[in-house]
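One structure is given below, encoded as structure tokens.
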Amino acid sequence: MSARLKWTSLATIALVFAALYLRALEAPPPARFVAPRAAAPASARPLYQPQLLPNGSTQSVHSATAAELKDGKLRAFWYGGTREGAADVAIYTSVYSPKEARWSPERAVMTRELAQRSLQRHVRKLGNPVAGRDRGGRLCLFFVSVSVGGWAGSAINLMVSEDEGETWGPPRRLVASPFFNISTLVKGVPLLLSDGTLALPAYHEFLGKFGELLRVDGEGRVVGKTRLSWGKSSLQPVVVPRSETEALALMRYAGDPPARILMIRTRDAGAHWSEPVKTALPNPNAAVAGVLLAGGPLVLAFNNAEENREGLSLALSSDFGETFRVARNLEGEALLPRAPVPEYSYPWIMQDRAGDVHVLYTWGRSRIKHVVFNRAWLEGGGR
């Protein structure tokens, strides 16, 4: 077969897959964001509590996520193994009790072998988990798996728990891409929409780096998708709504200098998004996290450098992303204790119903660190 005929055949196959995918994907009617909920009145006394999550199972950990449970506790998830991408990587969980200020011992909720049996396909490695809730209040855990190649060969899977993460149903593979359903990953928190579907921020790393927003129904089917960015330099979107129609998304930047966090906006509930623009905040090709506090500022957790992940900071914006100021440093040269490997990365952030703010992040690749604080500390009180 000539090279020209070979490429023509491959192009034809790809177009057929794309046509079948688009035919099956019937876009649902537009849905609005669920406006951020109110939190309890904030305490005037500064609160700041850091601690490392248990890890007696693995040599390396990364990419934490969490969800608040119905009893006010916090359930975290992350992946761990001998190293990132190793065959022994599994997804672990632990539960935090605010009353006791303590995390439970970790346990595995998904292994490569279990994923392989459940999905009935070869699984080479596992990656990023993200947690959220569906319209029925069930706990949902999306996670990345790779069958062939590196992260560019990823697919997204979903499993659901009816009992707050104690037990889980079997995972199912989301069909999110027409090209052999590869190169789709997650990092950002899923959002519940007004029609009961979930908006799942996703990104691609094959033949480009760009973000998308997937619409996932209650059965775990991708029923719609919206492109967030184009090209080869934007990934890992995190969507932060301000109202039913307005939101912004923050993205990791993987392009030419100057290296800055990217931002896009929507004013029509995600139907259309602006072109990405660089903020004033640096980004060393690393994940960022953001949350809009109840009645307060937008808070970002990010690596405050252009070339390394050796510090982690919090920035505040009182005008929903128009301007920022760095308010606190969670990690850095002047702060102790230091991790054996000076990397602090992949932050996740949320505000609980009591008004406290939680940040989880990778601490030296050997532990997940949890920091809980309130607005009084964030805005200048205490340490």
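What to note about this one:
- Estimated dipole of the stretch 50-378 in Debye, rounded to 20 [Cβ of Lys and Arg +1, of Asp and Glu -1, Cα centre]: 440
- Note on K369: lysines with a C-alpha under 17 Å away, same-chain residues under 8 apart excluded, are K73.
- Between R124 and S318, residue separation times 0.36 nm minus the direct Cα-Cα distance comes to 65.4 nm.
- Evaluating 6.51 cos²θ - 1.76 cosθ + 1.60 at θ = phi - 60° for every residue in the stretch 147-153, the Karplus couplings come out as 9, 9, x, x, 4, 5, x Hz, glycine and proline recorded as x.
- Under Karplus coefficients 6.51, -1.76 and 1.60, residue-wise ³J(HN,Hα) of the stretch 128-144 in Hz, glycine/proline x: 3, x, 9, 10, x, 10, 8, 5, x, x, 6, 7, 10, 10, 8, 8, 8
- Close amide H contacts of F320 (hydrogens built in the peptide plane, cut-off under 5 Å, sequence separation of 5 or more or a different chain): L298.
- Built amide H within the under 5 Å cut-off of N128, gap 5+: V144
- Sparse-neighbour loop sites [GluC sites (Glu not before Pro); the stretch 165-213; at most 16 other C-beta within 10 Å; DSSP]: E166
- Between K225 and R215, the built amide H atoms are under 5 Å apart, and every one of these is 5 or more places off in sequence or on another chain.
- Full extension of the chain between E275 and E219 yields a length gain of 17.0 nm, computed as 0.36 nm times the residue separation minus the alpha carbon distance.
- Estimated translational D of the stretch 211-307 in µm²/s (Stokes, Kirkwood radius over Cα pairs; 10 °C; 1.306 mPa s): 113
- Every helix of 4 or more DSSP H residues in the chain counts as -39500 (n - 2.57), and over all residues that averages to -2500 deg cm²/dmol at 222 nm.
- Nearest-10 value in Å² for the accessible area of D71, using the 1.4 Å probe: 100
- Shape category assigned to the stretch 50-378 from the gyration tensor of Cα positions, a/c cut at 1.5: rounded
- Sites listed here are GluC sites (Glu not before Pro) in the stretch 60-133 whose DSSP assignment is loop and whose Cβ has at most 11 other Cβ atoms within 10 Å: E100.
- Within straight-line reach of K125, meaning a Cα separation under 20 Å, sit the following lysines at least 8 residues removed in sequence or on another chain: K187.
The values are calculated or read from the model by the stated rules, or taken from the named source; none is laboratory data. If you're wondering where the values come from, they're calculated on a predicted model, not measured in any experiment. Cβ: placed from backbone, ideal geometry, glycine included. Neighbour counts: every protein chain shown. Only protein heavy atoms, including side chains, enter the accessible area calculation; ligands, DNA and RNA are left aside. Shrake-Rupley method; radii C 1.70, N 1.55, O 1.52, S 1.80 Å.
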